[in-house]
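Asks: Supplied in structure tokens, the structure appears directly below.
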Amino acid sequence: MRLTGLRPENPVAMMAAYGALRLLPEARLRWATGAPELDWSGDSILALAAQFPQRRAAPEVTELDDPREKGIGGDAGFVRLAAAIPHEWLSAYAAQTADGIQGTGLIAYAGNHKFVAAARGVMDALAACDVADKVREALIGPWRYEDSNVAFGWDAKARQDSAVMPQAPNPKTKPCVLGANWLAWESLPLWQMVDGETVGVTRASKVTTKTWRYPTCAEWLSWDGLKALVLSVGAMSERDRRALGVRLWETAIVGRSEGGEFGTARTASDVQRRGVSRVEQVPYVLNV
């Protein structure tokens with residue numbers, strides 16, 4: 001099944017593809033062209049929609065509002081959550097460090113934004129819709145952007161659309177694709193925190209903005225194979241990545257008054273070849 005609605009240069013689309021892979025037992029995924037291909041024996045759209053009620057009630061969604069220090073309640077709160085939610089989720093949400101609890105680097109918004117509460121908001125809105133239709137929109141397209149919801153800031157297209165909207169941008173009524181945001185959320189266990197940092201995320205400096213690198217692969221991968229790739233791709237040489245059909249993408253996480261949002265990604269090799277600063281790469285649209 002070719003997932004024609006998902007493009008690798010949009011972080012939320014890449015994450016949605018990986019979230020779908022996680023939810024479908026024994027499925028395989030590859031990204032040999034501009035859109036990924038999913039290999040699974042059943043009707044993937046109906047199977048994903050059928051899982052939605054259970055996923056909406058899962059403890060990793062209901063047991064906390066935000067994984068940062070204040071939201072978790074320090075080390076004691078971290079220990080409490082460790083007994084309540086699966087380890088793969090808690091270790092993707094937050095990490096205990098010498099400086100206290102650090103939340104995932106995939107939190108784009110600051111201020112009063114509550115990361116997990118935002119996921120519940122996405123799921124609550126999705127529950128009021130035809131879930132299968134919204135999943136089909138996410139996977140097959142076209143993306144209609146007929147929903148308004150504060151999601152995660154991962155959708156580069158939603159970020160850019162606000163510049164041409166007839167009304168002033170409003171962080172409380174951002175256009176979004178509910179099915180894509182839900183499936184992207186389901187990929188979170190891929191992005192573990194190691195030594196207090198989220199895999200692939202680099203912190204901002206005086207001359208560069210915060211960025212995130214993520215892989216796609218032209219070879220068929222299971223969920224376990226994808227997890228291994230995500231954890232090891234940073235140590236792979238360009239030669240090894242080319243031999244395995246792996247492409248490494250980089251997106252900037254750009255700060256604004258209402259927080260930060262993910263920009264359109266380009267391949268990391270293209271960033272290096274062109275010598276473009278990370279701040280400048282956000283508006284770039286890659287044609288593949």
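Asks: Under the classification rounded if a/c is under 1.5, otherwise prolate if a/b is larger than b/c and oblate if not, where does region 11-147 fall, given a ≥ b ≥ c as square roots of the Cα gyration tensor eigenvalues?
Replies: Details: a/c = 1.94, a/b = 1.80, b/c = 1.08.
Prolate, since a/c reaches 1.5 and a/b exceeds b/c.
Asks: Using a/c under 1.5 as the rounded threshold, could you call region 177-249 rounded, prolate or oblate? The axes a ≥ b ≥ c are square roots of the C-alpha gyration tensor eigenvalues, and prolate needs a/b larger than b/c, oblate otherwise. List each step's numbers first, then the result.
Replies: Values: a/c = 1.66, a/b = 1.07, b/c = 1.55.
Oblate shape, in that a/c is at least 1.5 and b/c is the bigger or equal ratio.
Asks: When the chain is fully extended, how far beyond the present Cα-Cα distance does Ser148 get from Ala235, taking 0.36 nm per residue of separation? Working shown, then result.
Replies: Values: separation 87, 0.36 × 87 = 31.32 nm, distance 3.93 nm.
In short, 27.4 nm is gained.
Asks: Could you give the length gained on full extension between His87 and Thr4, defined as 0.36 nm per residue of separation minus the Cα-Cα distance, in nm?
Replies: 26.6 nm
Asks: Of the chymotrypsin sites (Phe, Trp or Tyr not before Pro) in region 92-125, which ones lie in a loop per DSSP and count no more than 16 other C-beta atoms within 10 Å?
Replies: none
Asks: Let me check against my output: what whole-number percent is the relative contact order of region 8-56, with C-alpha pairs under 8 Å and at least 6 apart?
Replies: 28 percent
Asks: For an R0 of 35 angstrom, estimate the FRET efficiency from the Cβ-Cβ distance between Ala110 and Ser222 and round to the nearest 0.05.
Replies: So, using R0 = 35 Å, E works out to roughly 0.45.
Asks: In what sequence do Ser44, Ser237, Ser148 fall when counting other Cβ within 10 Å, fewest first?
Replies: So the residues, fewest neighbours to most, are Ser237, Ser148, Ser44.
Asks: Summing +1 for each Lys or Arg and -1 for each Asp or Glu, what net charge is found among the other residues whose Cβ lies under 14 Å from the Cβ of Gly141?
Replies: Net of charged neighbours comes to +2.
Asks: Go through region 199-253 and name the GluC sites (Glu not before Pro) that are in a DSSP coil and have 15 or fewer other Cβ atoms within 10 Å of their Cβ.
Replies: Here the sparse-neighbourhood loop sites are Glu219.
Asks: Further question on the same structure: Treating cross-link reach as a plain straight distance, find the lysines whose alpha-carbon is under 19 Å from the alpha-carbon of Lys174, omitting any fewer than eight places away in the same chain.
Replies: Partners found: Lys114, Lys134, Lys157.
Asks: In nm, what is the difference between 0.36 nm times the number of residues separating Cys129 and Val194 and their Cα-Cα distance? Walk me through the intermediate numbers first.
Replies: Details: separation 65, 0.36 × 65 = 23.40 nm, distance 3.70 nm.
Full extension of this stretch gives 19.7 nm more.
Asks: Cα gyration tensor of region 76-144, axes a ≥ b ≥ c as square roots of the eigenvalues: rounded (a/c below 1.5), prolate (a/b > b/c) or oblate?
Replies: Working: a/c = 2.59, a/b = 2.14, b/c = 1.21.
It is prolate, given that a/c is not under 1.5 and a/b is the larger ratio.
Asks: I need the phi-derived Karplus couplings for region 58-66: 6.51 cos²θ - 1.76 cosθ + 1.60, θ = phi - 60°, integer Hz, Gly and Pro marked x.
Replies: 5, x, 5, 9, 9, 8, 8, 9, 7
Every number here is computed from the coordinates shown, using simple stated rules; none is lab data. Keep in mind that what you see is a predicted model, and the values were worked out from it rather than measured. All Cβ positions, even for glycine, are placed from backbone atoms using ideal geometry, and neighbour counts span all protein chains on display.
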